[in-house]
Ligand code: FAD
């Protein structure tokens with residue numbers, strides 16, 4: 001049986017990881033994004049219902065500061081996950097281009113809805129952006145921590161696209177911990193060795209808060225290209241071979257992507273990662289496959 005981590009919905013993510021450290025368990029969590037369109041709350045509810053059946057330690061909900069998403073929906077969906085499905089939720093919040101007032105309003109809204117956990121992010125910089133009230137995520141973190149939230153932050157095993165140096169990448173992460181982040185969620189990666197090297201460097205730099213590894217299965221060639229372009233994720237040779245093998249067979253490539261992600265997750269589990277965070281892309285099939293692979297690996 002997969003070790004059970006879930007506590008009461010009043011648990012903060014910090015507490016969930018503290019309990020896990022005591023028992024040696026590895027919390028499994030999911031990420032979703034606010035669905036678009038008229039039925040967005042209804043579809044979010046259906047997705048959350050399917051994910052809740054898998055009993056994740058928590059579900060995080062992304063925040064879209066740009067025009068394409070519905071930023072108001074993040075807190076609403078996070079509250080629905082807690083209230084209707086009994087799963088702790090993490091609301092993402094970005095600060096690039098935000099004013100002190102807009103962040104105060106977001107804090108008041110999240111408080112009113114009973115949200116306890118927030119992932120503090122800078123967000124991608126809007127075109128032509130010069131400066132705002134918050135320069136980096138580390139400037140948002142203490143504001144959220146002072147407001148009483150359990151605050152998490154983003155980590156980049158292969159570095160961040162705006163920062164050339166892996167040493168500075170870890171130094172900036174350390175600043176987020178110093179500012180009050182009590183857990184870290186990584187950017188997706190396809191090569192676990194990158195994560196293991198990063199984890200070693202983070203430990204050496206004095207990062208002591210739990211780091212949960214973010215894994216996203218590739219579902220198509222176009223999606224992989226986007227991820228490589230946007231996140232700078234490196235492609236190990238097994239993926240390049242899969243891309244060549246299934247070039248004309250998108251269904252098999254999709255299946256191979258899910259299987260590859262499951263192998264990554266079980267390898268991370270075996271290497272004692274503190275937590276596993278699955279980017280579900282709002283697809284419960286991905287979450288089911290990941291949960292199933294992790295359970296099978298634990299009993300075998
Ligand atoms: P920061 O930590 O502020 O870092 C931004 C850049 O500044 C980095 O290159 C960093 O190295 C550099 N930096 C940091 N501190 C300093 C310093 N003191 N001096 C000089 N340089 C510094 N985006 C969304 O819009 N919505 C989401 O919901 C969302 N969720 C995410 C979840 C996860 C787990 C991850 C990994 C990313 C997510 N993102 C999301 C993307 C994220 O917003 C972008 O990667 C963004 O470009 C950086 O955000 P950050 O919080 O890591 O920024």
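From the list 189, 149, 218, exactly one residue is more than 21 Å from residue 276 (Cα to Cα) and within 18 Å of the chain's Cα centre (by Cα). Which is it? Among 189, 149, 218, only 149 is more than 21 Å from residue 276 (Cα to Cα) and within 18 Å of the chain's Cα centre (by Cα). Candidates are the residues of the range 202-224 that are buried (at least 16 other Cβ atoms within 10 Å of the Cβ) and under 16 Å from residue 171 (Cβ atoms); the one that is nearest to the ligand (Cβ to nearest atom) is 211. Scanning the range 132-159 for residues that are within 13 Å of the ligand (Cβ to nearest atom) and in a loop (DSSP other than H, G, I, E, B) turns up 132, 134, 135, 136, 156, 157, 158, 159.
Residues in the range 118-131 that are within 8 Å of the ligand (Cβ to nearest atom) and part of a loop (DSSP other than H, G, I, E, B): 122, 123, 124, 125. Looking across the range 173-193, the residues that are part of a helix (DSSP H, G or I) and surrounded by fewer than 19 Cβ atoms within 10 Å (Cβ to Cβ) come down to 174, 175, 178, 193. The helices (runs of 4 or more DSSP H) located wholly in the range 230-300 that include 2 or more residues which are over 18 Å from the mean Cα position of the chain (by Cα) and touching a residue at least 60 places away in the same chain (Cβ under 8 Å) occupy 250-270, 284-299.
Each residue in the range 86-117 was checked for being in a loop (DSSP other than H, G, I, E, B) and either farther than 22 Å from residue 171 by Cα or more than 13 Å from the ligand (Cβ to nearest atom) (or both), and 10 pass. Apart from one condition, residue 82 fits all of (1) without any contact (Cβ under 8 Å) to a residue 60 or more places away in the chain; (2) assigned to a helix (DSSP H, G or I); the exception is (1). If I ask for residues that are under 23 Å from residue 291 (Cα atoms) and either away from the ligand (no atom under 14 Å from the Cβ) or free of Cβ contacts under 8 Å to residues at least 40 places away in the same chain (or both), which ones from the range 161-193 would you list? Listed by number, the residues that qualify are 184, 190, 191, 192, 193.
Out of 46, 74, one residue alone is modelled with pLDDT of 95 or more and over 30 Å from residue 130 (Cβ atoms). It is 46.
Only residues that are more than 19 Å from the chain's Cα centre (by Cα), within 16 Å of the ligand (Cβ to nearest atom) and part of a loop (DSSP other than H, G, I, E, B) were counted in the range 19-58, giving 1. Identify all residues within the range 72-85 that are surrounded by fewer than 24 Cβ atoms within 10 Å (Cβ to Cβ) and more than 14 Å from the ligand (Cβ to nearest atom); write none if there are none. Across the range 72-85, the qualifying residues are 76, 79, 80, 82, 83, 84, 85.
The values are calculated or read from the model by the stated rules, or taken from the named source; none is laboratory data. It should be emphasised that the depicted structure is a prediction, and the values quoted were computed from it without experimental measurement. A quick note on method: Cβ atoms are made from the backbone with ideal geometry, for glycine too, and the neighbour counts reach across all protein chains shown.
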